[in-house]
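A short worksheet on the structure shown next.
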Amino acid sequence: WKRKTKMQGLANRLKKLGSKDETSESPPSSPGTPVSPGRAQGEAPDEADKNNFNHEELEEGNKSVIWAILKQLKVGAEVKHLQLPTFVLQPRSLLEKFTDAMVHPQLLMELPQVEDAEERFLGVLRFYASGFHVRHKGVRNPLNPVIGEVFNCEWEYDNTRCHYVAEQLSHHPPHSAFIYHDTDKGVILSGDLAPSYIKFYGNSAQTDVHGQLRIQLFGKSFDEEVYEMEYPSIMIKGILFGSLNMEMLGKISVTCKQTGYSASFEFKPKGFFGKSYNGVVGKIKHNKDVKYTLSGFWDSTINITDAKTKV
């Protein structure tokens, strides 16, 4: 697929798709198996962690700049206003950053033609998981959008076109909204995102991401279905000592009231004595019946196992 945009920043980013610093080849055809440079397929977690894609070793000069900023903060305090140095910033807005979650539109646009409700739900999960691996190497924060800022672009593939529009609704506190749709295919993705103020804990900092993502499917063999899902929290570790790295953590849910299917994910950060980064576990239910279990790594492979057959 290819994507056109009115902003050169996104076009420049697209030229880098497939490079080591941005993303990897598209996921295999089975549900929930995104692959990225963070951990190669088949590579043992402890080996991959030695060159973890989230890690970054700061130069001494950059460490001094970070230390000068952090000396002004109190442990446990919420950080509402903080000017970051350019070496920890991405050259793009947060509104453009959202498009990382949509780099595999073909996974979503084929779902209205799928007749089986379970397969549609698994397809939505696969699409949701496929965008996490797209990220800058190390720890980079996108630019904060100004209130009223708008970003729009479009994807072109298979003689059809997807449109994306995002707008910044509020600056303090930050609140963004976006919509991504192809009405010819019968798909509308919309949502809002409001990251909390950063909590500073000394050698780490965390932000909770509030809001909701909604996917609406319109098919010939079923009535409208709405899938609702949440966002994991983000933690930065190694601010004062150790390697600077980013992890996702927390529990999120994906639900579809029309079909009775639901899923729960738990993003597991690496513990003090842990060996692996970016772990994720979960369950898929139909009403109260557990159908599948999930385990793996959100930056490489997530395995799905039948709860009854264990296959």
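The values are calculated or read from the model by the stated rules, or taken from the named source; none is laboratory data. The structure presented is a predicted model; accordingly, all values stated were derived computationally and were not measured. Note: ideal-geometry Cβ built from the backbone for every residue, glycine included; neighbour counts use all protein chains shown. To get the accessible areas, we keep the full protein, side chains included, count just its heavy atoms, and leave off ligands, DNA and RNA. Shrake-Rupley method; radii C 1.70, N 1.55, O 1.52, S 1.80 Å.
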For residues that are part of a strand (DSSP E or B) and either surrounded by 18 or more Cβ atoms within 10 Å (Cβ to Cβ) or touching a Leu at 6+ places or on another chain (Cβ under 6 Å) (or both), tally how many sit in the range 210-248. 17
Checked the range 178-203 for anything over 30 Å from LEU244 (Cβ atoms), small (Gly, Ala, Ser) and surrounded by fewer than 16 Cβ atoms within 10 Å (Cβ to Cβ); matches are SER190
Residues of the range 93-133 being open to solvent by 10 Å² or more (accessible area, probe 1.4 Å), outside any loop (DSSP other than H, G, I, E, B) and aromatic (Phe, Trp, Tyr), which ones? PHE98, TYR128
Give me a count of the residues in the range 260-311 that are within 21 Å of GLU225 (Cβ to Cβ) and of a type in the set (Asp, Glu). 1
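Based on this model, can you work out whether GLU228 counts as out of contact with any helix residue (DSSP H, G or I) (no Cβ under 8 Å at 6 or more places or on another chain), without any contact (Cβ under 8 Å) to a residue 60 or more places away in the chain and not hydroxyl-bearing (Ser, Thr, Tyr)? Spell out the reasoning first.
On the way: out of contact with any helix residue (DSSP H, G or I) (no Cβ under 8 Å at 6 or more places or on another chain): yes; without any contact (Cβ under 8 Å) to a residue 60 or more places away in the chain: yes; not hydroxyl-bearing (Ser, Thr, Tyr): yes.
Yes, satisfied.
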Anything in the range 138-167 that is open to solvent by less than 50 Å² (accessible area, probe 1.4 Å) and on the phi > 0 side of the Ramachandran plot? List them, or say none. GLY138, GLY148
Pull up the range 194-221, narrow it to residues that are small (Gly, Ala, Ser) and out of contact with any strand residue (DSSP E or B) (no Cβ under 9 Å at 6 or more places or on another chain), then point me to the one that is modelled with the lowest pLDDT. GLY202
How many residues are within 22 Å of GLU225 (Cβ to Cβ) and assigned to a strand (DSSP E or B) if we restrict to the range 156-192? 16
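Residues LYS270, LYS308, LYS275, LYS291: which one is open to solvent by 20 Å² or more (accessible area, probe 1.4 Å), of a type outside the set (Asp, Glu) and not in a loop (DSSP other than H, G, I, E, B)?
Result of the check over LYS270, LYS308, LYS275, LYS291: LYS291.
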